[in-house]
Amino acid sequence: DKNDGGQFSNTKPELTRQNLQPVEIEIRNGRSWSRSPTLEHEGLTLVQHPGGRAQWSDREWIEAEYVPSCIELVKQMTGANTAMQVYSPMQRRVDYQNHRGAAPTAGFVHLDQTRDIAMAFAGHIAEACGAKFKVATIYNVWKSMTPAPQDYPLAVSDQHSIPVEDHV
């Protein structure tokens, strides 16, 4: 639904409310493309992001090291003057029951939030940080925690695979 994007819950499927229309798409392995996707052209990119000795079960490490490294990565990739954490980092795992604080994978294509909700939330966070913005972009930063091949791959849409009239 282009108006509100619907609602879904990974942990409580009974709360899911979405107006979905099936659309056939081609699924491709982004790692095997002849050239790397870019934020400008495809709306996504794949980059190396060393994380040192990752400690995914240590919330302090995630907040003190991983999140700041992601913020710097976004600034580097986009040339933004300012970047900030808007949402709390979330681990999505197939075996989420075995990892404290993790949530199940979504299993379907979706928007995380509507434009109105995203702008209100980002504005609130920016204000709390003493920042103001005229324009903003929310980037989702995903990092695989295991070497390829993953048991449940991340699927994202190349912006050219979605009709312009469906863009939000």
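Among the GluC sites (Glu not before Pro) within segment 10-60, those in coil by DSSP and having at most 16 neighbouring Cβ atoms inside 10 Å are Glu24, Glu26, Glu40. Each peptide in 73-86, 137-150 gets a packing score, the mean of other Cβ atoms within 10 Å over its residues, and the list from highest to lowest is 73-86, 137-150. Each of Ala120, Thr137, Ala83 was scored by the projection of its Cα onto the charge dipole of the chain, and the greatest displacement toward the positive side belongs to Ala83; charges sit on the C-beta of Lys, Arg, Asp and Glu. A simple charge model with +1 on the Cβ of Lys and Arg, -1 on the Cβ of Asp and Glu and nothing else charged puts the dipole of the chain at about 340 debye relative to its Cα centre.
Calculated [222 nm] ellipticity per residue, helices only, for the chain: -5000 deg cm²/dmol; basis is -39500 (n - 2.57) per DSSP H run with n ≥ 4, divided by all residues, nearest 500. Only alpha carbons enter this Debye calculation for the chain, each as an equal point scatterer, and the log10 of I(q)/I(0) it gives at q = 0.11, 0.13, 0.17 Å⁻¹ is -0.55, -0.80, -1.51.
Under the simplified labelling scheme, the Ile138-Gln76 pair shows an inter-label distance of 2.5 nm, with each label point 7 Å from Cα along Cα→Cβ. With θ taken as phi - 60° and the Karplus curve 6.51 cos²θ - 1.76 cosθ + 1.60 applied, the whole-hertz 3J(HN,Hα) list for segment 55-63 is 10, 4, 8, 9, 4, 5, 4, 4, 6 Hz, x standing for glycine and proline.
Between the beta carbons of Asn29 and Met84, assuming R0 = 35 Å, the FRET efficiency works out to 0.60 to the nearest 0.05. On the chain, 52 percent of the accessible area sits on carbon and sulfur atoms, based on a 1.4 Å probe. Listed values for segment 101-106 are Karplus-derived 3J(HN,Hα) couplings in whole Hz (6.51 cos²θ - 1.76 cosθ + 1.60, θ = phi - 60°), namely x, 7, 10, x, 5, 6, and x replaces Gly and Pro. Under 5 Å from the amide H of Ser157 lies no amide H of any residue 5 or more positions distant or on a separate chain, with H modelled from the backbone and absent for Pro and chain starts.
Considering only Leu44, Ile162, Trp61, the residue lying farthest towards the positive end of the dipole of segment 17-168 is Trp61, judged by Cα position with unit charges set on Cβ. Shown in residue order for segment 129-134 are the 3J(HN,Hα) couplings computed by the Karplus curve 6.51 cos²θ - 1.76 cosθ + 1.60 at θ = phi - 60°: 8, x, 10, 10, 9, 8 Hz (x for Gly and Pro).
Scanning residues 5 or more positions from Arg92 or on other chains, those with amide H under 5 Å from its amide H are Ala103, with H placed 1.01 Å from N in the peptide plane.
The values are calculated or read from the model by the stated rules, or taken from the named source; none is laboratory data. Fair warning: this is a prediction, and the values are worked out from it, not measured in the lab. We place every Cβ from the backbone using ideal geometry, glycine too, and count neighbours over all the protein chains shown. All accessible areas refer to the heavy atoms of the entire protein, side chains included, with ligands and DNA or RNA removed. Shrake-Rupley method; radii C 1.70, N 1.55, O 1.52, S 1.80 Å.
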